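Please treat every number below as a calculation from the coordinates, not as lab data. Quick caveat: nothing in here was measured; it's all calculated off a predicted structure. We place every Cβ from the backbone using ideal geometry, glycine too, and count neighbours over all the protein chains shown.
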Amino acid sequence: MLFGNTDEKDGNFFSGHFVSIYENLEKRKETKMKRLMMLAMAAVMLVGLLSACGSKKSETVDADLDEFYDDLEDSYGWDDNYLVDIEGEMLESYYPGLADIETEQFVAKTPMMSATVNEMVFLQCKTEEDAVKAGAILQDRIDAQADGGAWYPESMEAWSKGTVIQQGTYVAMIASAEHQDEIAEKFNALFA
């Protein structure tokens, strides 16, 4: 024996070392795969945990929409005669089908007489499915007004910037030439 250690099978020194190197590499690959699997499982669990927390957030919010509107009225100096309730025939004319959706809370306002676009609806539906339906009806109103229903170019432009926001079972339609972004931010802040 010239080199000392040889493989007992064929007596070749190098084949024994190559086998042990190969086995060592295989063990390392197996260990890396186990670590990667553990990391992947941890990532999936973390995403599941975070998404579960996110969905509970909108369910636990209990916003008072009348109070929200009253705060808007106070902060923008709107008096009681500036915006009126949208109800009855006017409600059906503006938002066909909206009165058929069961709501927990409902606030719909429009100027009695004004050249400035300032129409808004805030509602809480019984279900998220109803909230989606309400959002579609409200979006139809925005689209109809922006596509010529508002008559005047400035009004149509203001309506084209109108927005519908859904937060769980809560829905807002905001079309305000003067305060569009501010009101949208304030509504979203109710759910932050």
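Less than 14 Å Cβ to Cβ from residue 102, Lys/Arg counted +1 and Asp/Glu -1: what total charge do the surrounding residues give?
On the way: positive: 126, 133; negative: 100, 104, 128, 129, 130.
Result for the neighbourhood of residue 102: -3.
Overall, region 65-189 carries a charge dipole of about 380 debye about its Cα centre when +1 sits on the Cβ of Lys and Arg and -1 on the Cβ of Asp and Glu, all other atoms neutral.
The label point for residue 136 and the one for residue 90, both projected 7 Å from the Cα toward the Cβ, are 2.7 nm apart. Contact order for region 65-189, expressed relative to its length and based on alpha carbon pairs under 8 Å spaced 6+ residues apart, stands at 23 percent.
So between residue 112 and residue 143, what do we pick up on full extension, going 0.36 nm a residue minus the alpha carbon distance?
Details: separation 31, 0.36 × 31 = 11.16 nm, distance 2.13 nm.
Fully extending the segment from residue 112 to residue 143 adds 9.0 nm.
Between residue 127 and residue 152, the simple spin-label model (points 7 angstrom out along Cα→Cβ) gives 4.2 nm. A dipole drawn for region 75-168 from +1 and -1 charges on Cβ atoms has a positive end, and of 106, 152, 93 the residue lying farthest that way is 152.
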